[in-house]
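Take a look at the structure below.
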Amino acid sequence: TLFENTHYYSTYGVLKYDTLDDRFFPSSGFYFHGDFHWYLFANGLNEGFEPFSIAKAQAGYAHSFTPNFSAFLTTEGGLQIGSTTTESFNFLMGGYGFVPTTNIVPLYGYEELSFRGNTYLKTTLDLDYEFVRKNHLTLSGNIANIGNDLFETGDWIGRIDYTGFAIGYGLETFLGPLELKY
């Protein structure tokens, strides 16, 4: 493991569209979040720095089949464009229960930060049954590919490398939602 002590100077843009009826237990609506980071300069230990960009997008759709049963399908991906010499901005995938950042991606069924690469694709399906008001039983599944240069090598669509499932219980409280997943 190499710990880096470098300051990076960048510019970025974000595009977000959200019509979901609930952030944590959506039953209807559409969601899109895209961001683009352009790293221009570096000052520090990364002496061989070359400019590069990171693009990431996530889209989701929630649909209610009955008043108590809904599904939320999301797909997302990210890639590094340009130089690949700076690996500290690679995507890390695995685990659950943290706030997603530019390069850390949750993935059910695996330990935190288990996989690494400069390109990833992921799809998740969450089924939500609200059996009592504000009490949710969830069943989730995800599939993903992560690696280096997946789009250039063609490995992004040929096979699915990682799958995971989770079952959970969620409770909407006055402090915010609580959720347990296994």
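The order of the peptides 118-125, 39-46, 54-61 by mean Cβ neighbours within 10 Å, most packed first, is 118-125, 54-61, 39-46.
Computed from the C-beta positions of TYR182 and ASN43 and an R0 of 45 Å, the FRET efficiency is 0.50 to the nearest 0.05.
Taking the simple approach of a point 7 Å from Cα along Cα-to-Cβ for both LEU15 and THR85, what is their distance in nm? It is 3.1 nm.
Treating cross-link reach as a plain straight distance, find the aspartates and glutamates whose alpha-carbon is under 12 Å from the alpha-carbon of LYS16, omitting any fewer than eight places away in the same chain. Those aspartates and glutamates meeting the cut-off are ASP35.
The alpha-carbon of LYS181 sits under 17 angstrom from the alpha-carbons of these lysines, leaving out residues fewer than 8 places away in its chain: LYS134. Ellipticity at 222 nm from helices only: DSSP H runs of n ≥ 4 in the chain, each -39500 (n - 2.57), divided by the residue count, give -500 deg cm²/dmol. Here the spin labels are modelled as points 7 Å beyond Cα on the Cα-Cβ line, and at PHE98 and THR75 they lie 2.7 nm apart. Simple spin-label estimate for ASP149 and TYR169 gives 4.9 nm between the two label positions (7 Å along the Cα-to-Cβ direction from each Cα). Accessible surface computed residue by residue for segment 13-154, with neighbouring protein chains in place and a 1.4 Å probe, gives 54 Å² per residue.
Look at the alpha carbon pairs under 8 Å that are at least 6 residues apart: their mean separation over the length of the chain gives a relative contact order of 14 percent. Surface composition of segment 20-136: carbon plus sulfur atoms hold 60% of the accessible area, using a 1.4 angstrom probe and ignoring ligands, DNA and RNA.
The values are calculated or read from the model by the stated rules, or taken from the named source; none is laboratory data. This one's a predicted model, so the numbers in the text were calculated from it and none came from an experiment. All Cβ positions, even for glycine, are placed from backbone atoms using ideal geometry, and neighbour counts span all protein chains on display. With ligands, DNA and RNA removed, areas are computed over all heavy atoms of the protein, side chains included. Shrake-Rupley method; radii C 1.70, N 1.55, O 1.52, S 1.80 Å.
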